[in-house]
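The values are calculated or read from the model by the stated rules, or taken from the named source; none is laboratory data. Quick caveat, the model's predicted, so the values are computed rather than measured. Here the Cβ positions follow ideal geometry from the backbone for every residue, glycine too, while neighbour counts run over all protein chains shown. We work out accessible area using only protein heavy atoms, side chains counted, and drop any ligands, DNA or RNA first. Shrake-Rupley method; radii C 1.70, N 1.55, O 1.52, S 1.80 Å.
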Amino acid sequence: MNIYELYFGASIILIVLGLYAIASKRNLVRIVLGLEIITLGVNLSIITMGVRVLGGSYKVDALAQGMVAISMAIGAAVAALALSMAINIYRHYGTFDIRKLRRLRW
Amino acid sequence: MNPFTPLFLLLGGSLASLLADQLLERVGAARWRGCLAACILAAALMLFTWEAYLGVSVAEFRLIGPESPLTASLKLDYLSLYISIIFCGLGLAACIYSIKYLELESETGVDRYYLLLLTLIAGLVGVTLADDFFTLYVFWELMALSSYSLVAFRKWSWEAVEAGFKYLVMSTMGSLAVLLGIAVLYGIAGSLRFDILAQSIPSGGPAALLALALIIVGFGVTAAAVPFHSWLPDAHPAAPTPISAILSGIVIKAGAYAMLWSLFKLFTPTVYGFGVVLIAFGILTMSFANIVVVMQGDIKRFLAYSSIANMGYIITGMGIAAYILRSYPSMVGAAALALTGALLHILNHALGKGLSFLCAGCYILRQGSREISELEGIGAEMPATTASFGIGLLNLAGVPPLSGFWSKFFIVSAGLGIPSDGLLLTTTLIFILNSVLAAGYYLWLLQRIAFKRRGEADPAAGEAPALMLAPVIALAAACILITITISPVLEFIRAVLGVLLG
């Protein structure tokens with residue numbers, strides 16, 4: 001098993017975990033955490049794709065590093081917005097439980 | 001002049017509007033804050049139109065060195081110009097409409113509204129101008145983040161925050177699917193520039209197929225293709241009306257544009273047979289939405305579902321073109337016809353649906369209800385609004401002299417161009433059935449709003465305020481103008497096709 005398969009496998013596991021969290025958890029905060037885990041998995045896969053073998057050692061392409069830095073910033077913005085919406089939902093319903101607020105058909 | 005000035009103007013303008021807000025607040029002219037945003041949008045629209053009038057040669061802008069794979073690059077061609085003009089035009093109409101609307105609805109947090117509106121339009125324009133996948137992703141997220149905030153803008157209402165949260169979760173998952181697809185493409189090509197990607201994708205093997213699937217699904221969420229559509233009917237009614245018009249008119253078009261661009265330019269349809277997939281998505285989308293739309297009692301939900309159906313038409317048009325290009329490589333003319341229909345329908349639906357949402361907003365403001373049963377007959381008391389509403393709905397229904405007819409006609413005639421092909425024939429028949437059904441329910445809605453008799457005359461009812469009526473009438477005039485000047489528009493679309501088909 002080479003380094004690409006190892007890291008790409010890890011990123012797929014993270015993505016599946018995140019999807020599981022979004023699909024099965026009933027708590028808004030946990031759904032936001034699920035989104036964040038998917039973001040981590042995708043970022044890890046970008047880094048994996050940027051790994052190059054140079055002079056016998058592994059180096060990560062600068063493009064991949066730049067992309068992941070920007071993508072982490074975007075992920076943080078999304079998480080902040082999602083949590084602020086979760087706070088507003090909490091103010092309306094007094095709960096984070098998604099089953100209590102399904103007035104919209106999900 | 002730098003051809004990207006409008007984009008920088010929009011980005012800079014959104015920052016400037018933050019500062020200008022404080023100033024306007026201090027001098028007590030807070031109600032004029034929308035005018036600044038409207039001026040910036042109008043300037044961007046005029047600059048883009050001017051460029052279209054002069055005729056662009058392809059212009060490029062690179063942030064880091066011309067030959068490095070590490071560039072952040074922008075590129076202006078006819079396709080991005082065409083889409084950008086639509087985005088800025090509808091954005092301007094919605095912005096002018098917002099000025100009076102927000103005042104009448106006594107919304108809170110208006111100081112953030114125009115900032116978000118400008119970043120939304122800047123993100124949309126940036127998506128069309130991006131020339132490498134990562135730039136596209138950054139602008140995509142700029143657009144998505146501002147539209148999540150705008151959907152949840154009425155944070156005092158349970159409906160808006162719930163719809164906003166749902167939209168955020170679904171759309172972020174779509175964006176992440178796209179980002180994973182981008183990662184795979186980066187693994188194949190070692191670069192994200194579109195020109196380098198277009199060369200290396202055809203030899204990409206199964207990894208490229210994975211990326212293709214991820215990209216179709218990811219952009220499909222924003223384009224509201226049917227298994228991924230469920231954010232849309234909640235988000236549109238919950239948002240303030242001008243934002244519904246923008247979401248329905250142009251944000252979902254950004255999904256269609258990104259699909260069109262990445263599929264036709266990067267994954268050339270002659271190499272990958274994604275035409276069938278697009279046709280399947282398109283048929284599912286339009287048939288499902290057209291059936292569900294009839295059951296809606298809420299006028300904004302009604303219009304939202306009909307937006308999904310119209311996205312179905314556009315996706316089907318794209319699918320027919322891709323299918324013809326792959327199966328009948330000699331019939332480029334028929335494929336071009338289907339793409340012309342899809343591109344023209346992007347314009348028609350943006351105008352028509354933007355117009356109907358803005359008119360519906362006027363009715364809702366007067367009546368204080370979104371139920372169609374309570375809005376019945378209100379049209380008779382607001383003749384100018386109703387006339388515009390009628391033009392918008394007839395354009396969407398595809399009644400012959402209006403340009404909405406031509407876009408559907410082009411897609412249908414491309415589908416019937418190869419009568420021996422069973423798949424194309426079935427698709428076209430389903431398309432025609434859907435169009436007829438859609439025309440039926442648009443006319444039914446118009447009849448209920450405009451011609452139904454009201455029991456008692458409402459003393460409070462009357463024409464909408466002038467500042468809200470102006471963009472409505474301008475959009476209606478634009479519908480008619482495009483119908484009259486259809487041949488220069490088609491000429492322009494032919495130039496756009498040159499970009500897509502080479």
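See the values below:
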quantity	calculated
Qualifying positions in the range B:167-179 - crowded, with 23+ Cβ neighbours inside 10 Å and either among the hydrophobic types (A, V, I, L, M, F, W, C) or facing chain A (nearest Cβ under 8 Å) (or both)	B:L168, B:T172, B:L176, B:A177, B:V178, B:L179
Candidate set from the range B:407-455 (those that are surrounded by fewer than 21 Cβ atoms within 10 Å (Cβ to Cβ) and small (G, A, S)); member that is nearest to B:T316 (Cα to Cα)	B:S413
Flag if B:L351 is open to solvent by 20 Å² or more (accessible area, probe 1.4 Å), farther than 25 Å from B:P202 by Cα and touching a Ser or Thr at 6+ places or on another chain (Cβ under 9 Å)	yes
Of the criteria (1) more than 11 Å from chain B (Cβ to nearest Cβ); (2) free of Cβ contacts under 8 Å to residues at least 40 places away in the same chain, which one A:D97 fails	(2)
Options B:L393, B:L490, B:L469; residue that is within 26 Å of B:F288 (Cβ to Cβ) and of a type in the set (A, V, I, L, M)	B:L393
Residues within the range B:102-116 that are among the aromatic types (F, W, Y) and open to solvent by 10 Å² or more (accessible area, probe 1.4 Å), tallied	1
Residue among B:L260, B:L266 that is surrounded by fewer than 24 Cβ atoms within 10 Å (Cβ to Cβ) and in contact (Cβ under 8 Å) with a residue 12 or more places away in the chain	B:L266
Residues of the range B:72-125 satisfying the condition of being among the basic types (K, R) and part of a helix (DSSP H, G or I)	B:K100, B:R112
Residues of the range A:28-64 satisfying the condition of being more than 23 Å from B:L145 (Cα to Cα), part of a helix (DSSP H, G or I) and open to solvent by 10 Å² or more (accessible area, probe 1.4 Å)	A:I47, A:M49, A:A62, A:L63
Lone qualifier among B:G164, B:G181 - being under 30 Å from B:P237 (Cβ atoms) and small (G, A, S)	B:G164
Matching option when the condition is of a type outside the set (D, E, K, R), touching a Ser or Thr at 6+ places or on another chain (Cβ under 7 Å) and modelled with pLDDT of 80 or more, among B:I83, B:I40, B:I99	B:I83
Single unsatisfied condition, A:R91 versus (1) more than 7 Å from chain B (Cβ to nearest Cβ); (2) more than 30 Å from B:W158 (Cα to Cα)	(2)
Among (1) at pLDDT 90 or above; (2) over 30 Å from B:V496 (Cα atoms), the one test that B:I364 misses	(1)
So B:A397, is it at pLDDT below 90 and surrounded by 22 or more Cβ atoms within 10 Å (Cβ to Cβ)	yes
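Residue-by-condition table, conditions (1) more than 20 Å from B:L266 (Cα to Cα); (2) away from every other protein chain (no Cβ under 11 Å); (3) open to solvent by less than 10 Å² (accessible area, probe 1.4 Å); (4) at pLDDT below 90:
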{"position": "B:G89", "(1), (2), (3), (4)": "yes, yes, no, no"}
{"position": "B:L118", "(1), (2), (3), (4)": "yes, yes, yes, no"}
{"position": "B:V127", "(1), (2), (3), (4)": "no, yes, yes, no"}
{"position": "B:W156", "(1), (2), (3), (4)": "yes, no, no, yes"}
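Matching residues to (1) farther than 23 Å from B:A211 by Cα; (2) among the aliphatic types (A, V, I, L, M); (3) under 13 Å from the mean Cα position of the chain (by Cα); (4) within 11 Å of chain B (Cβ to nearest Cβ):
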| site | (1), (2), (3), (4) |
| --- | --- |
| A:Y4 | no, no, no, yes |
| A:R26 | yes, no, no, no |
| A:I37 | no, yes, yes, yes |
| A:G50 | no, no, no, yes |
| A:G66 | no, no, no, yes |
| A:G75 | no, no, yes, yes |
| A:S84 | yes, no, no, yes |
| A:I87 | yes, yes, no, yes |
